[in-house]
1. Is one or more of the residues making up the range B:147-160 open to solvent by 20 Å² or more (accessible area, probe 1.4 Å), within 7 Å of another protein chain (Cβ to nearest Cβ) and not basic (K, R)?
2. Going by the structure shown, is A:R30 outside any loop (DSSP other than H, G, I, E, B), open to solvent by 60 Å² or more (accessible area, probe 1.4 Å) and touching a residue at least 60 places away in the same chain (Cβ under 8 Å)?
3. Checking A:W77 against (1) closer than 30 Å to A:S252 by Cα; (2) modelled with pLDDT under 75: exactly one of these is not met. Which one?
4. Report, by residue number, each residue of the range B:58-108 that is more than 7 Å from chain A (Cβ to nearest Cβ), free of Cβ contacts under 8 Å to residues at least 24 places away in the same chain and open to solvent by less than 30 Å² (accessible area, probe 1.4 Å).
5. So B:G32 clears everything in (1) open to solvent by 10 Å² or more (accessible area, probe 1.4 Å); (2) modelled with pLDDT of 85 or more; (3) among the small types (G, A, S); (4) not in a strand (DSSP E or B) except one condition, right? Which one?
6. Report the residue count in the range B:162-194 for those that are in a loop (DSSP other than H, G, I, E, B) and over 13 Å from B:I49 (Cβ atoms).
7. As an exercise: evaluate A:A439 against (1) open to solvent by 10 Å² or more (accessible area, probe 1.4 Å); (2) under 22 Å from A:A411 (Cα atoms); (3) at pLDDT 85 or above and give the number of the one condition it does not meet.
Amino acid sequence: MTPTLHRRAQLSAIAELRWRMFVNGLRSKRGKMELVSRIIVTAAFSLGGLGGFAAATVSAWYFVSQGKAEFLAVVLWPIFFFWQVFPVMATAFTNNPDSGELLRFPLNYSSYFLIRLAYGFFDPASALGCVGVFGVLLGTTVARPALFPWALLVLLTFAIFNLVLMQTVFAWLERWLAQRRTREIMGVLFILFMLSFQLIGPMMERFDKKPRPELSRAAEIVTQLQAVLPPGLAASAIAQTSHAQFVSGLGSLLFLAAVTTAIGFLLNLRLRAQFRGENLSEAAARPTVAQAQGLQVGWNLSGFSQPVAAVFEKEVRYLARSGPMLLTLIMPVFMLLVFRLGGKGNALQHQPNFFGRVPDMVFPGAAAYALLVLTNLVFNSFGGDAAGVQFFFASPVHFRQIMLGKNLTHASILLANTALAWIAVSYFYGTPQLAVSIATVAGLLFATPLNFAAGNLLSIYSPKKRDFATFGRQNVSQMTVLASLGLQIVIVAIGVGVFAIAHLYQNLWIASVIFLGLAAISNPVYVIVLRRMDSIALQRRETLLAELCRA
Amino acid sequence: MDLAPTISTQGLSRRFGELVAVDGVNLRVAPGQFFGFLGPNGAGKSTTIKMLTGLLAPSSGKIEILGIDLNAHPVEVKRQIGVVPEGMALFGRLTGAEFLSFAGRMYGLDRTTAAKRAAELLDFMQLADQPKKLVTDYSHGMQKKLALAAAVIHGPKVLFLDEPFEGVDAIAAGTLKSMLQGMIARGATIFLTSHVLEIVERLCSHVAIIHQTPGRSGLARRAPRRSRSRHSLRIGRRRSFRREAHPGTTVPAHRGRHAPHRSGTFVAGMKAKFA
């Protein structure tokens, strides 16, 4: 007899599954350390959440009590942006399990849809977004208790809109990221989008110093435009009702509900396709065209063995095929542009930013940032290799050679980035002093081996599989995040201290001497760690293979 | 006169916490054998092959490949063997040619030789028609063929294959089989795991079965030479296997119908030699 399917039983079984997976993950020492790291990260988020809640509550109370409820949009827009952008920017902190794995079970479509929404609800961004919305509700209710039922209805609709939109964005991103070429295009577009946001601040600083009529007109248009978008609609719905414009308020709410329904329809399109078992295999989509193949001889690195050169070539090819990674690596130059625009704007008010006040520190800052953007690669060297890491263990090559090949790639990227940064600094700020340039290079000679040594160890002790072609969904170990950040903070603190001493004595060459002295310590540390790589990798091979080879 | 074994294990065991995955396996595979390592799921086949290839450390026991202690000289052993592990160990974001060239150089071939052999192997495996296609875009069968090509690019004397025919269609399987038989004909030794008796019967000259028994059962006591406790190995010549290997029987190892070819080293990569 076929058993009857009970949706509630299925949903509770899935909830229990998630719980068991969490609990079972704590069996290993590494799982426990991941939990501790996650608790620290969550604590930091909670503090931010509490701050956001307080700010939302006070702001909402102020605007509503002053009879300016339409200004609630000022609170709702940041909530909206945080809810939508943060999950994509900081996937290391998000928790979106793959609901597609549940499709093998006899779930009906509505259950599947609900599960997707439920998974999204437990995402930290959603949790913090809900806290913010609750703050707005609390502030509104305290200011005007009579508004509570209406505000509850409006803000609930707004929260559902955000939840549905976040899932829609993810679902469609998944669709586009499922294929290599579109995945890379999406990555590039995403980073450009992010960069454009980073440029907005300095641009605003640059232009808003002088009253400009066209700017005022633009601001008016933006204000009108935001009023017909979901955060503005939610604010309008509450404001109009507070001003006894009930029909307008109801209209705004219905419009918001209609937008939510439309977004939900788009989500429905994606989820239905998934539910029916769509196949996004890119291999099937590619035309089979016979192409002539010439003999491809590998690269030669004079002074290094064949395996080291082979690993170097492989790493470079991997990076070259990853648009998102490439763009991440050129971020230091873009950041220089951003700081330059900001610095110039401030300079008009005779309030230059940090780099405007201390132009000597621009090149060291850019070089430090170049080192920082390598963190993802250096501290998770085998993440992109996935199951390929087995090959390294099966081949007759010492692990230290493999690590050396990878570190050579990282060092080459750092070298290229630092050179680009030097050119950009020269262009934007003027050629750095020779003493500064030498001190910066000496600083890198100290910091880079330390980063590589720590990165090599963490790559083996705390690996996470990652896809080079995706951006915003990088799976990073929480332990690695904490450890790498800790190391960067220490290195930056030492660097700042050394330059401070040099400035104190008004002789920047002192910095070079100190850095070279520190490099004399850090380089042997790197060599010692590298020499121990063989035994460490052998000891940790099971954990490494289990983590990277899992489906 | 008994030939020195190509693969030899003594008391090979592996524990995962409380779980004993492989316990006291003694194995001797003679040169030139096409050795099938058969057993049900979870019997310890993959664990054993991982230990034999250095992907997993044994809890106890000794492994010698071509007379070299794997634990003492892992790099020297790995130089002589080829491996297709369970997950195939491919680098998805390289093309087939790039991956094979990389593999060849990791096994000590110079750049030009690695590139030449890569081209030959791609041609033999019928993977040469899409040189710009990334490995991640290959079908499962194509990936299996590529993994095998990478394992033989340096001309190994011993080849370890973990479930090489799993998920492979008949045409790809035919290509794989012809390459493996060509290697045996040239004197290489192949150690293959499978849970499918039919595959092992068709291909292998010698067969061993590994299977778990509940605790230290009577079976272990009846097979003291091959199994010490929870695992039993039965080894026999392929043709006689069906007739003789009934539960609890230990069959002495025999040389297969393929005579060992000790005089020369198998060289992979030449199309003419595979055909």
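1. Going through the range B:147-160, the residues open to solvent by 20 Å² or more (accessible area, probe 1.4 Å) turn out to be B:154, B:157.
Remaining after also requiring within 7 Å of another protein chain (Cβ to nearest Cβ): none.
No.
2. Judged against the criteria, A:R30 is not a match.
3. Condition (2) is where A:W77 drops out.
4. If the condition is that a residue be more than 7 Å from chain A (Cβ to nearest Cβ), free of Cβ contacts under 8 Å to residues at least 24 places away in the same chain and open to solvent by less than 30 Å² (accessible area, probe 1.4 Å), then B:L70, B:V77 are the ones that fit.
5. Only one criterion in (1) open to solvent by 10 Å² or more (accessible area, probe 1.4 Å); (2) modelled with pLDDT of 85 or more; (3) among the small types (G, A, S); (4) not in a strand (DSSP E or B) is unmet by B:G32, namely (1).
6. Final tally of qualifying residues: 8.
7. Answer for A:A439: the failing condition is (1).
Residue by residue, here is whether (1) surrounded by fewer than 21 Cβ atoms within 10 Å (Cβ to Cβ); (2) in a strand (DSSP E or B); (3) away from chain A (no Cβ under 12 Å); (4) among the hydrophobic types (A, V, I, L, M, F, W, C) holds:
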position	(1), (2), (3), (4)
B:V20	yes, yes, yes, yes
B:F37	no, yes, yes, yes
B:K50	no, no, no, no
B:L55	no, no, no, yes
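The values are calculated or read from the model by the stated rules, or taken from the named source; none is laboratory data. Everything numeric here is computed off the predicted structure, so don't read it as measured data. When we count neighbours, we look across all protein chains shown, and the Cβ atoms used for this are built from the backbone with ideal geometry, even at glycine. Side chains are part of the model used for accessible areas, which takes the heavy atoms of the whole protein and leaves out ligands, DNA and RNA. Shrake-Rupley method; radii C 1.70, N 1.55, O 1.52, S 1.80 Å.
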